[in-house]
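Participant: Starting off with a structure, shown below.
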Amino acid sequence: MSKLPAPQTWIQLDDLAIAVVRKPIKHLYFRVYPPDGRIQVTVPLHCREADLLPLLQRKQTWLTEQQAKVRSRPTAMQLISGEIHYLWGIPYQLQVQPHTSKRSLHFDHAAKVLTLQTEPNDSCSDRERLLHQWYRQQLQTQIPPLLDHWQPKLKVTAAEWRIKRMKTRWGSCNIRDRRIWLNLELAKYPPHCLESVVVHELVHLLEHHHTPRFYQLLDQFLPTWRVSSDRLKYPPAFP
């Protein structure tokens, strides 16, 4: 059965048109969508417009700035020198060295520089694949220690874990196969975000659905999970 679209209204603040979507959630969050900077605020069902308007007014300057940033971004990643890419929440400036004999990618933590060496005929897609492979390698070094720490604490064991790019989820758990999937994009966020998603998916092995008990277990084992969840609502560049 297809889902009904969430109820939507609009609030106009000077030059800002803000879409208001109401869902059965506890907290509100903002999204500014590329390429045109469309602004959406998702709010709890019980939130009244009279209560929401003052908050939007306080956020107006920030929303205007974020919209301008989104509109100024290239519509697609070009992977050229000068671009900013994130690793564990830290911005690195990309330096592309073309016409090398071997593809490679490494970063200088002190200089905050990410160096991409490419072969003469490499396309943007080739460079993108190399970047994604590098992000995958970064995650592959960080996930096993987290599992080693959290599986004994939760008294669960994932039979397998994998990494893939996902558009709408940070992670997922196949309960039957006890397989965990983690989003490749997590490598761009602060490490506590990856830890929170790993714990979230492991807790699903104790409680399959997002029931009150599920969130009680999260609160019990990782009380800071909401901080990470809120951080993941924004792009890596969010301060």
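Laboratory data are not the source of any read-out in this text; all were calculated from the coordinates shown. What you are looking at is a predicted structure, and each value in this text was computed from that prediction instead of being measured. Heads up, the Cβs are rebuilt from the backbone with ideal geometry, glycines too, and the neighbour counts pull from every protein chain shown.
Participant: Report those strands (runs of 3 or more DSSP E) wholly inside segment 129-195 carrying at least 1 residues which are in contact with a Cys (Cβ under 6 Å, 6 or more places away or on another chain).
Facilitator: Filter on segment 129-195 gives 179-183.
Participant: With L146, L116 as the choices, which residue is touching a strand residue (DSSP E or B) at 6+ places or on another chain (Cβ under 6 Å), touching a residue at least 12 places away in the same chain (Cβ under 8 Å) and crowded, with 17+ Cβ neighbours inside 10 Å?
Facilitator: L116 is the lone residue from the list that is touching a strand residue (DSSP E or B) at 6+ places or on another chain (Cβ under 6 Å), touching a residue at least 12 places away in the same chain (Cβ under 8 Å) and crowded, with 17+ Cβ neighbours inside 10 Å.
Participant: Go through R58, R136, R103, R129 for me and flag whichever is free of Cβ contacts under 8 Å to residues at least 12 places away in the same chain and surrounded by 13 or more Cβ atoms within 10 Å (Cβ to Cβ). Don't jump to the end; show me each part of the working.
Facilitator: Numbers: R58 fails: surrounded by 13 or more Cβ atoms within 10 Å (Cβ to Cβ); R136 fails: free of Cβ contacts under 8 Å to residues at least 12 places away in the same chain; R103 fails: free of Cβ contacts under 8 Å to residues at least 12 places away in the same chain.
Criteria check complete, one pass: R129.
Participant: Return the residues of segment 182-206 that are surrounded by 18 or more Cβ atoms within 10 Å (Cβ to Cβ) and more than 17 Å from K233 (Cα to Cα); say none if nothing qualifies.
Facilitator: Residues satisfying the conditions are V199, E201, L202, V203, H204, L205.
Participant: I need every pair where a residue in segment 149-168 that is among the hydrophobic types (A, V, I, L, M, F, W, C) has its Cβ under 6 Å from the Cβ of a residue that is assigned to a helix (DSSP H, G or I), sequence separation at least 6 or different chains.
Facilitator: W150/V199; W150/L202; L154/L202; V156/L202; I163/R136; I163/L139; I163/L184
Participant: Then there's this: Consider R165 against the criteria (1) in contact with a Gly (Cβ under 9 Å, 6 or more places away or on another chain); (2) within 30 Å of H209 (Cα to Cα): it satisfies all of them except one. Which criterion is unmet?
Facilitator: Answer for R165: the failing condition is (1).
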